[in-house]
Each structure stands twice: as C-alpha cells, then as structure tokens.
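The values are calculated or read from the model by the stated rules, or taken from the named source; none is laboratory data. Treat the numbers as computed from the prediction; the structure is a model and nothing was measured. Here Cβ is always computed from backbone atoms with ideal geometry, including for glycine, and neighbour counts include all displayed protein chains. Each accessible area value is taken on the protein alone, full model and side chains, heavy atoms only, with ligands, DNA and RNA left out. Shrake-Rupley method; radii C 1.70, N 1.55, O 1.52, S 1.80 Å.
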Amino acid sequence: MEREINHNENSEGTYDILQNAAGEILIMIRQRRGGPENPRFVYDGGETALLYRSRESSVFLGGINPNARNPLKAVDEVLVAEIDGDEVAREYVVPVRIVRSLKSVLN
C-alpha cells in the first residue's frame with residue numbers, strides 16, 4: 001500500500017511523491033521529451049530537489065512537503081514514473097545524491 005507524502009504543482013507541472021510500506025519512494029512527473037541518460041536525484045533535505053534526467057533535461061521539484069523530507073533522505077534510490085495522461089510512459093530507477101546545499105550545486 002502506498003501513501004502520498006507530497007503533492008505539488010509548480011512551474012514544472014504537477015508531481016507526486018509516494019512511499020510504500022517498505023519505505024521505497026515513487027516520484028511521478030509528467031512525461032518529458034527524450035529518455036533519461038544517467039539520471040540523478042539531487043536533494044539537500046529541504047523544500048527543493050532537482051531530478052537530472054539528462055544533460056538536456058532536468059526537473060525542479062519545489063515545495064516538498066515536510067512529511068516527505070526524511071523519507072527522501074533515507075533512501076539510496078527512487079523510482080521515477082513519467083506519466084502521459086493516465087498511462088505510465090516510462091519508469092526508471094534513479095540514485096539519490098544528498099548534498100549539503102542544493103543552491104551551491106546549482107551555482
């Protein structure tokens with residue numbers, strides 16, 4: 001059974017973060033052009049994260065719910081599902097990289 005620990009709409013569109021009973025994390029985003037190439041989920045434990053899909057594509061996740069923050073820091077990888085309408089267009093496992101400050105990585 002999965003429980004929703006975050007739902008947000010931002011400039012990148014809607015995303016959801018779900019956690020199952022085993023503690024695994026699923027992040028659902030709308031489908032993007034092109035497939036992932038060496039994706040990484042970069043997170044500093046705060047309200048924002050960055051999903052690098054490829055050199056040409058990344059997704060900013062803003063407004064992460066406080067209930068989702070510790071579960072995100074506790075996993076080594078997340079499952080990302082890209083949604084097209086009501087269908088899963090693609091899914092892939094992404095390693096989580098915890099950084100001290102996401103702002104320092106972006107500068």
Worksheet entry | Amide H partners (placed H, <5 Å) of Gly35, local residues excluded | none
Worksheet item: Residues with amide H under 5 Å of Val59's amide H, sequence separation 5 or more or different chain, H placed in the peptide plane at 1.01 Å from N; which?
Response: Leu51, Tyr52, Arg53
Fill in: Inter-site label distance for Glu37 and Ile98 at 7 Å from Cα along Cβ, in nm
3.1
Worksheet item: Can you give the accessible area of Phe60 in Å² (nearest 10), computed on protein heavy atoms with a 1.4 Å probe?
Response: 80
Worksheet item: Which of (1) 71, 30, 23; (2) 35, 34, 24; (3) 48, 33, 28 is the computed Cα extents along the principal axes in Å for the structure on display?
Response: (2)
Worksheet item: Residue-wise, which Karplus ³J(HN,Hα) couplings in Hz belong to the stretch 47-53, taking 6.51 cos²θ - 1.76 cosθ + 1.60, θ = phi - 60°, and x for glycine or proline?
Response: 8, 10, 8, 10, 9, 7, 8
Worksheet item: Looking at the stretch 26-107, what % of its DSSP beta bridges pair antiparallel, to the nearest 5?
Response: 70
Practice prompt. Using θ = phi - 60° and the Karplus relation 6.51 cos²θ - 1.76 cosθ + 1.60, list the HN-Hα couplings for the stretch 20-30 in order, rounded to whole Hz, with x at every Gly or Pro.
Written response: 8, 4, 7, x, 6, 10, 10, 10, 10, 10, 6
Practice prompt. Would you please give the residues with an amide H less than 5 Å from that of Ile83, counting only those at least 5 places away or on a separate chain, with H modeled from the backbone geometry?
Written response: Ile29, Arg30, Gln31, Ala89
Discussion item. Whole-Hz ³J(HN,Hα) for each residue in the stretch 77-92, computed from phi via Karplus 6.51 cos²θ - 1.76 cosθ + 1.60 with θ = phi - 60°, x for glycine and proline: what do you get?
Written reply: 8, 10, 9, 10, 10, 9, 9, 10, x, 9, 10, 7, 6, 6, 9, 7
Worksheet entry | R0 of 25 Å, Cβ-Cβ distance Arg90-Ala22: FRET efficiency to nearest 0.05 | 0.65
